[in-house]
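What follows draws every value from the coordinates through simple rules; no lab data is involved. None of these values were measured; they are calculated from a predicted model. For neighbour counting, all protein chains shown are included, and Cβ atoms are generated from backbone atoms with ideal geometry for every residue, glycine included.
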Amino acid sequence: MRLTRFMNKRLCGSLLISAILLAPLAACSGGNDNGRTAEARPASAAETVPFTDSAGRLVDIPANITRISPSGALAQMFLLAAAPDLLVTIASEYAEDDRKYIPSNVAELPVVGQFYGSENLNLESVAVIGPEIIIDIGDPKDTIAEDMDSITKNLAVPAVHITAALRSTPEAFRTLGKILNREAQAEELAEYCERVLAQTDDIMARAGGGKISVLYCLGDAGLNVLAAHSFHSEVLDYVTDNRAVVDEPSSRGSGNETDLEQISLWNPEVIIFAPNSVYGDVAGDPVWRQIDAVKNGKYYEVPSGPYNWMGSPPSINRYLGMIWLTKILYPEAADFDLYAQTAEYYRLFYHYELSREAFDALTARSLAAN
């Protein structure tokens, strides 16, 4: 099984088994439990209820969940929004500049890695910390049922998967709210997502068939692209004419490699540069200046903080990407206050009050044509 192969690569088997055996004993002994002792937990914490996850697996999960480990960055973002107080681990560390957007109790949690993507999940650490459940949220892999079963079996902790693509995100929040007994909070998050989807649908209907041609360029040299029909290009494909049509779209966030000759042939009206790419250099580069988008000053950098608004990872942050992209590409149809909608997102999903000054700093290279 995939997890068995992963464990063999990452861990010494004897140490992992010891950690798994010791974790339940530590929980029962009333030792350090992220500020809670076993005796302090509600009596209902030991009760379980059946839950059928998005992979079709019937899993017994705690009726009163108080300790959660996300399987990766996508799940971490959902849980940060819906239940930051229940997290006991995080999949990836927040950069120093991004920590200001994140509740301090979350930013300081142990970093244990992720099951998918970089595949650096430290199972030994997870076992010692002792979550009550591991939650995976996002695009289901072909082996998702096998993977979740493997985690459940090897860590003696229920693992569940909740599918969340762009349009199923509201329902994913509602499912999460039910299993965490946070239905009111999850409903508020779901309704925000539904409003953004409806708004975007309306803008695209008003824009008609005249989608603006766009390339999303990333990488140190800006020579990777998010190819059309890839999971990472879902928003881009929806609101633009994504010119990056390739035979084998990459499923990774690094996109597909290309070159300036191909970018020149695609010749989009607008180029979107990922953060930390070549946005600041292209105006002075004679080759980039031959491309219409650069020559006409129609290029922008994706805002980022604490996450890239267009993806990386491709999770709920893409809702910010939708409101930002429609505002810069179709300003006549997108007659809404971008700051107001962005500030609402930061309040709901990051629990952060975004000032106008902070918004202006985030979007300094992202709103005005060059």
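The figures follow:
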quantity	calculated
Principal-axis tilt of helix 318-329 within the chain, Cα atoms, nearest 10 degrees	10
J(HN,Hα) series, region 258-266, from Karplus relation 6.51 cos²θ - 1.76 cosθ + 1.60, nearest Hz, glycine and proline x	8, 8, 5, 4, 5, 4, 5, 5, 5
The chain - percent relative contact order, Cα under 8 Å, separation 6 or more	14
Likely footprinting exposure, Thr52, Thr200, fewest C-beta neighbours within 10 Å first	Thr52, Thr200
Taking region 209-362 and dividing mean pair separation by its residue count, relative contact order in percent (alpha carbons under 8 Å, at least six apart)	19
Efficiency of FRET between Glu257 and Asp285 - r from beta-carbon atoms, R0 22 angstrom, step 0.05	0.75
